[in-house]
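The values are calculated or read from the model by the stated rules, or taken from the named source; none is laboratory data. Treat the numbers as computed from the prediction; the structure is a model and nothing was measured. Here the Cβ is made from the backbone with ideal geometry for all residues, glycine too, and neighbour counts use every protein chain on show. What goes into the accessible areas is simple: the full protein's heavy atoms, side chains included, and nothing from ligands, DNA or RNA. Shrake-Rupley method; radii C 1.70, N 1.55, O 1.52, S 1.80 Å.
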Amino acid sequence: MSKKKTDATPEKNTAAKAAPEKTGSASAISATPPESVSATSASAAAPVNAALSADERVELYRRMVRIRRFEERSLRAYQSKKIGGFLHLYIGQEAVAVGCCSLMGKDDHVITAYRDHGHAIAVGMDTKPLMAELYGKVTGCSKGKGGSMHYFDPTRNFWGGHGIVGGQVPLGTGLAYAIKYRGLKGAAMAFMGDGAVNQGAVHEAYNLASLWDLPVIFVIENNGYSMGTSQARSSAGELATRAAGYDMKWEVINGHDLYEVRAKMDALLRRAREESKPAVVEIKTYRYRGHSVADPDKTYRNKAEIEEYQRTKDPITLFRTMLLAEGHLTDELVDKIDAEARSEADFAADFAEASPFPTADDIQRDVYWEADNPAQRVSGGRLFFN
Amino acid sequence: MPIITYREALRHAMAEELTRDENVVILGEEVAQFRGAYKVTEGLLEKFGPKRIVDTPISEAGFVGMGVGAAMLGIRPVIELMFWSFYSVAFDQIVNNAANIRYMSGGQINCPIVIRGPANGGTNVGATHSHTPENILAHHPGVKVVVPATPHDAKGLLKSAIRDNDPVFFLENTILYGLEGEVPAEEYLVPLGHADIKREGTDLTIVSYGRPVIQSLAAAQQLQQEHGLSVEIVDLRTIRPLDIDTVLKSVAKTHRVLIVEEQRPFASVGSQLAYMIQNEAFDELDAPIQRLGTIDAPAIYSPPVEIEQLPNSQRILKAALAAASA
């Protein structure tokens, strides 16, 4: 049986298991690009990229750096037990969220799974309420009720942050349904990990989207592992081409190359908005950390594999190399952006630290619209039972 | 007052709300061209067109989840499950998404969805098609659960459900679809969370909802005629929010309670009711609270035996006599 796969290494290859992971700065962006890092992208000339101003390019770079530094800071907070629950880090995948979300127009919407910090920052959410949410503080973007997996900001067309693998994909289809119902020229992007492709709900969503020509792009962020199970052990066949069975267009994208993400997604988003057509994209990417921080990532892949990615395919290093070559970035600016991103993350952590927790009274708020709007309450009876 | 069926009452409720609010859409298996598996949506496609009345594939997780996503953006989907028994196929979307989204988002997102369709047994369709999930649904904070017993209540409650900003699960009863009753010609609403005294009495309170209300009414008639027993019947109409105060008031009047439900007894709506009554009206009780429900086993197919498994007027009558003389 042929298994054409990503670069993901099946778990049998653990012979070269390396030294224990360092903590702290989880994924340093290499200071000088090694030779293997390309200073060009075939997609740089695509209209959507060619049209970018120098400032816009720098902003895309800055956003990726901000995501990484935010997450590294959150990791430290987690390790010092300031943060509970799970923490699914996005480190290594930054070009996907930043590339896709940078294309959003006013009627475009985004929904994602539990690895949602990158998308939240990419749509423009302030990092202070994001960090406060991790700390379980009332100043968090979900008032401390959602946690890491449940970030939301409907004012930025960002609909979460969902904890069940694949469960958000029908919701994303519903966003597209609403866009079409209203006659708007918008599109929904429903992000999922590669593990989600085997969930029935995803296939049901594919079928509905294609059957009804809904403007939704199903974005599979393929980082090679469904939690700790490599693709070779979890997914039959190719991920993107499953779309063919639903008569949907599909595309495979190099997720290490921000320009390529933007170029290919732009074409699909335009088609979705103008022709109301769905598509499936598989964006090949990689995560440097474990499935979550609680998953020490020691049993299913080896350190050498991770280091190889960091050395040759880091999306931030790659984009920086290109911007330096294009003359849009300088070394001074690189340092400045990095320093600002670090202090922004520290500032967010300070803000979170200083914020109050929700009170016990807050437990039963935000459960029912009706309970929170007593002046307009029409129903009787008891809503809560204790 | 015009007399129409429970089925027609539901249809009228949807038609009125479709007319009133262009955000209302009807989605479900066979709701449009087939005119509804139980003909509840008959005629709506002709009147409102295929944009508003939409046939879905047999794909409950997909279209329920899609409805939740659309509701997050302000559409007000009314989703028909061909059988409420199929809630299990869409359970993740119902409890993790519809029920939780407002809470997890810190109150930023509402989910004004209605999921409706026939529930319960009594039509000899066996274990997979005879679920009574109201306790399981109502267990989840964030949702409302409605079970109407009469055409009047069915129409007024469904209209309220469609206007509600929280997710409402609306459980109809297959056998009641043909039940006729008086329904006002003019527009009206029955607000959620208000129990109704379906019959006044002084000797025993029967607390019930859904089809057993109708069966209890027949039993109460016989109890009055043959045993001189005066039975009060409280129809909850809504399981969550729950109008326990009306129940307690009735208990204070009769001092004896029989709970009748089409649920199996373990961890049912009735078990919660019994707890609340004893907790909040212990001094009013002259006898232990009695319960009657479905005999604890999966729904049996065999038609004459299924009648015995479910509450029926004769079983209710026997249980009421026992409760009244305890």
Worksheet entry | Hits in the range A:234-251 - residues which are among the hydroxyl-bearing types (Ser, Thr, Tyr) and closer than 20 Å to A:Val165 by Cβ | A:Ser234, A:Ser235, A:Tyr246
Worksheet item: Conditions: (1) among the β-branched types (Val, Ile, Thr); (2) at pLDDT 95 or above; (3) surrounded by fewer than 16 Cβ atoms within 10 Å (Cβ to Cβ). A:Thr317 meets all but one. Number of the miss?
Response: (3)
Item to complete: Being among the small types (Gly, Ala, Ser) and more than 16 Å from B:Pro241 (Cβ to Cβ) narrows it down to one of B:Ala161, B:Ala119, so name that one.
Response: B:Ala119
Worksheet item: Can you name the residue in the range B:63-97 that is small (Gly, Ala, Ser) and more than 10 Å from chain A (Cβ to nearest Cβ) and, of all such residues, is farthest from the chain's Cα centre (by Cα)?
Response: B:Ser88
Practice prompt. Tell me, yes or no, whether the range A:117-131 has at least one residue that is at the interface with another protein chain (Cβ under 8 Å from one of its Cβ atoms) and assigned to a loop (DSSP other than H, G, I, E, B).
Written response: no
Fill in: Only one of A:Gly124, A:Gly118 that is modelled with pLDDT of 95 or more and open to solvent by 10 Å² or more (accessible area, probe 1.4 Å)
A:Gly124
Fill in: Among residues of the range A:237-278, those that are more than 20 Å from A:Asp108 (Cβ to Cβ), open to solvent by 50 Å² or more (accessible area, probe 1.4 Å), assigned to a loop (DSSP other than H, G, I, E, B) and at pLDDT 95 or above, counted
1
Fill in: Total residues in the range B:211-226, condition under 17 Å from B:Ala322 (Cα atoms) and among the charged types (D, E, K, R)
1
Discussion item. Please verify whether B:Met66 is among the hydrophobic types (A, V, I, L, M, F, W, C) and not in a helix (DSSP H, G or I), treating the condition exactly as stated.
Written reply: no
Worksheet entry | Among the candidates B:Thr294, B:Thr246, residue that is under 21 Å from B:Ala324 (Cα atoms), among the polar types (S, T, N, Q), assigned to a loop (DSSP other than H, G, I, E, B) and open to solvent by less than 70 Å² (accessible area, probe 1.4 Å) | B:Thr294
Discussion item. I need every pair where a residue in the range B:37-56 that is in contact (Cβ under 8 Å) with a residue 40 or more places away in the chain has its Cβ under 9 Å from the Cβ of a residue that is part of a loop (DSSP other than H, G, I, E, B) and surrounded by 13 or more Cβ atoms within 10 Å (Cβ to Cβ), sequence separation at least 6 or different chains.
Written reply: B:Ala37/B:Glu29; B:Ala37/B:Glu30; B:Ala37/B:Val31; B:Ala37/B:Met82; B:Ala37/B:Phe83; B:Tyr38/B:Met82; B:Val40/B:Val31
Response to the item:
Checking A:Glu370, A:Glu307, A:Glu344 in turn, the sole residue that is closer than 30 Å to B:Asn165 by Cα and either assigned to a helix (DSSP H, G or I) or modelled with pLDDT under 95 (or both) turns out to be A:Glu370
Response to the item:
Here the residues within the range A:167-195 that are within 9 Å of chain B (Cβ to nearest Cβ) and part of a loop (DSSP other than H, G, I, E, B) are A:Gly167, A:Arg182
Fill in: Residue among B:Pro57, B:Pro77, B:Pro118 that alone is under 19 Å from B:Glu29 (Cβ atoms), open to solvent by less than 40 Å² (accessible area, probe 1.4 Å) and part of a loop (DSSP other than H, G, I, E, B)
B:Pro57
Practice prompt. Could you tell me whether B:Gly156 is assigned to a loop (DSSP other than H, G, I, E, B), of a type in the set (Gly, Ala, Ser), at pLDDT 95 or above and within 23 Å of B:Asn110 (Cβ to Cβ)?
Written response: no
Worksheet, complete the sentence: How many residues of the range B:25-54 are more than 10 Å from chain A (Cβ to nearest Cβ), open to solvent by 10 Å² or more (accessible area, probe 1.4 Å) and in contact with a Leu (Cβ under 6 Å, 6 or more places away or on another chain)? The answer is 1
Practice prompt. Count, please, the residues in the range A:369-383 that happen to be more than 7 Å from every other protein chain (Cβ to nearest Cβ) and either in contact (Cβ under 8 Å) with a residue 60 or more places away in the chain or surrounded by 14 or more Cβ atoms within 10 Å (Cβ to Cβ) (or both).
Written response: 2
Practice prompt. State yes or no: is A:Gly163 within 8 Å of chain B (Cβ to nearest Cβ) and modelled with pLDDT of 95 or more?
Written response: yes
Discussion item. Being within 13 Å of chain A (Cβ to nearest Cβ), open to solvent by 20 Å² or more (accessible area, probe 1.4 Å) and either part of a loop (DSSP other than H, G, I, E, B) or farther than 30 Å from B:Ile307 by Cβ (or both) is the filter here; which residues of the range B:121-151 pass it?
Written reply: B:His139, B:His140, B:Pro141
Discussion item. If I ask for residues that are open to solvent by 10 Å² or more (accessible area, probe 1.4 Å), more than 30 Å from A:Tyr181 (Cβ to Cβ) and in a loop (DSSP other than H, G, I, E, B), which ones from the range A:50-108 would you list?
Written reply: A:Ala51, A:Leu52, A:Ser53, A:Ser80, A:Lys81, A:Lys82, A:Ile83, A:Gly84, A:Gly85, A:Phe86
Fill in: Selection count where residues are open to solvent by 10 Å² or more (accessible area, probe 1.4 Å) and either more than 9 Å from every other protein chain (Cβ to nearest Cβ) or in a loop (DSSP other than H, G, I, E, B) (or both), scope the range A:198-220
5
Worksheet item: Does B:Ala274 fit the bill of being open to solvent by 30 Å² or more (accessible area, probe 1.4 Å) and under 30 Å from A:Tyr368 (Cβ atoms)?
Response: no
Worksheet entry | Residue list for the range B:180-197, restricted to those being away from chain A (no Cβ under 14 Å), closer than 26 Å to B:Gly122 by Cβ, open to solvent by less than 50 Å² (accessible area, probe 1.4 Å) and of a type outside the set (Val, Ile, Thr) | B:Gly181
Item to complete: Taking B:Thr19 as meeting all but one of (1) of a type in the set (Ser, Thr, Tyr); (2) surrounded by fewer than 18 Cβ atoms within 10 Å (Cβ to Cβ); (3) within 23 Å of the chain's Cα centre (by Cα), write down the number of the exception.
Response: (3)
Worksheet, complete the sentence: Of the residues in the range B:249-271, those that are open to solvent by less than 30 Å² (accessible area, probe 1.4 Å) and among the polar types (S, T, N, Q) come to B:Ser250, B:Thr254, B:Gln263, B:Ser268
Discussion item. So in the range A:342-368, with the set limited to residues that are of a type in the set (Phe, Trp, Tyr) and open to solvent by 80 Å² or more (accessible area, probe 1.4 Å), which one is nearest to the other protein chains (Cβ to nearest Cβ)?
Written reply: A:Phe357
Worksheet entry | the range A:142-159, residues that are within 7 Å of chain B (Cβ to nearest Cβ) and touching a residue at least 40 places away in the same chain (Cβ under 8 Å) | A:Lys143, A:Lys145, A:Trp159
Worksheet item: Just wondering, is there one or more residues in the range A:163-185 that are crowded, with 21+ Cβ neighbours inside 10 Å and under 12 Å from the mean Cα position of the chain (by Cα)?
Response: no
